[in-house]
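As C-alpha cells, the structure follows; a few thoughts come after it.
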Amino acid sequence: MKDYKPLVILPEEIQRRWGAELHQEESTGFGVFNLVDIRPTQGGSYQGQRIVVLVVDENGIAIPNVRVAFSFSTAERYLMSQNFLWSPPHPRKAFVAVTHGSGEIDQVQGSTVPEGGPGGVCVYLLEPEYASDSVTGCGMMEDHTGLHLTFQLRRVGIKSVLERLDAIERTLRF
C-alpha cells in the first residue's frame, strides 16, 4: 500500500525533456483519476520504447479493465456513450486499450519525441463515471527512454486505509 498524492505539476525533467504538460480535471461527483506519479523508464530496457500506464485505487491496489486512451493525430476516432459525465480532451482520436490484471497497459512507440519540443501522445483514462487528468507530450526520446505514468482513482466519499488509520490515531491521542 502506497500513500499517493495527486501531482499538481510535472517534474522538471519531464517538462524539459518531453515538453510534457499536466492537465488536471475536476471530479465528476463520483470521482477522478489523478496523475500521482510520472517517471522516465530506463532507456534500452523493455519499458524503454513505451508509454506505460499503471492504474490503482485509493489504497494503491491495481485496477484491471480500465480504458486508457493514447491520443495522437493519426489515431482512429472513438465514440463516447451518452453516459459520460465528463468531456475528454479533443480531438477524440486515440488508441484505446484496457489495463491487464496487473493494472498496467503500455503502448510501444515507433517514433521519437523531439527533446523539449511539442508533439507526442496525450494520455488519459476513458471511463464514463470518472474524469481523468491528462498528460500531453508523452513518448519515447531518441535514447529510447519512455515514460511510466501512475493514475489513482479517487472516488467521492471513499477514504484509503491509510487515511482511516490516520483519523483513528488522531482520536486516540490526548
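Within segment 78-97, the presence of a residue that is part of a strand (DSSP E or B), surrounded by 15 or more Cβ atoms within 10 Å (Cβ to Cβ), touching a His at 6+ places or on another chain (Cβ under 8 Å) and modelled with pLDDT of 95 or more is excluded. Restricting attention to segment 148-174, report how many residues are exposed (fewer than 12 other Cβ atoms within 10 Å of the Cβ), basic (K, R) and part of a loop (DSSP other than H, G, I, E, B). The qualifying residues number 1. Among what's in segment 107-137 and is part of a strand (DSSP E or B) and more than 11 Å from the chain's Cα centre (by Cα), pick the residue that is modelled with the highest pLDDT. My answer is A131. The set of residues in segment 1-29 being crowded, with 17+ Cβ neighbours inside 10 Å, part of a loop (DSSP other than H, G, I, E, B) and of a type outside the set (S, T, N, Q) consists of Y4, L7, L10, G19, A20, E25. Selection over segment 131-147 of residues that are in contact with a Ser or Thr (Cβ under 6 Å, 6 or more places away or on another chain) and either buried (at least 24 other Cβ atoms within 10 Å of the Cβ) or free of Cβ contacts under 8 Å to residues at least 12 places away in the same chain (or both) gives a count of 3.
Would you be able to tell me the number of residues in segment 98-130 that are hydroxyl-bearing (S, T, Y), farther than 16 Å from Q49 by Cα and crowded, with 16+ Cβ neighbours inside 10 Å? Of the residues in that region, 3 qualify.
Here is a yes/no grid of residues against (1) polar (S, T, N, Q); (2) in contact with a helix residue (DSSP H, G or I) (Cβ under 6 Å, 6 or more places away or on another chain):
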{"site": "S134", "(1), (2)": "yes, no"}
{"site": "G137", "(1), (2)": "no, yes"}
{"site": "E142", "(1), (2)": "no, no"}
{"site": "G146", "(1), (2)": "no, no"}
{"site": "R154", "(1), (2)": "no, no"}
{"site": "I158", "(1), (2)": "no, no"}
{"site": "E169", "(1), (2)": "no, no"}
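The values are calculated or read from the model by the stated rules, or taken from the named source; none is laboratory data. Because the structure is a prediction, the values reported are computed rather than measured. So basically every Cβ, Gly included, is an ideal-geometry build from the backbone, and we count neighbours across all protein chains shown.
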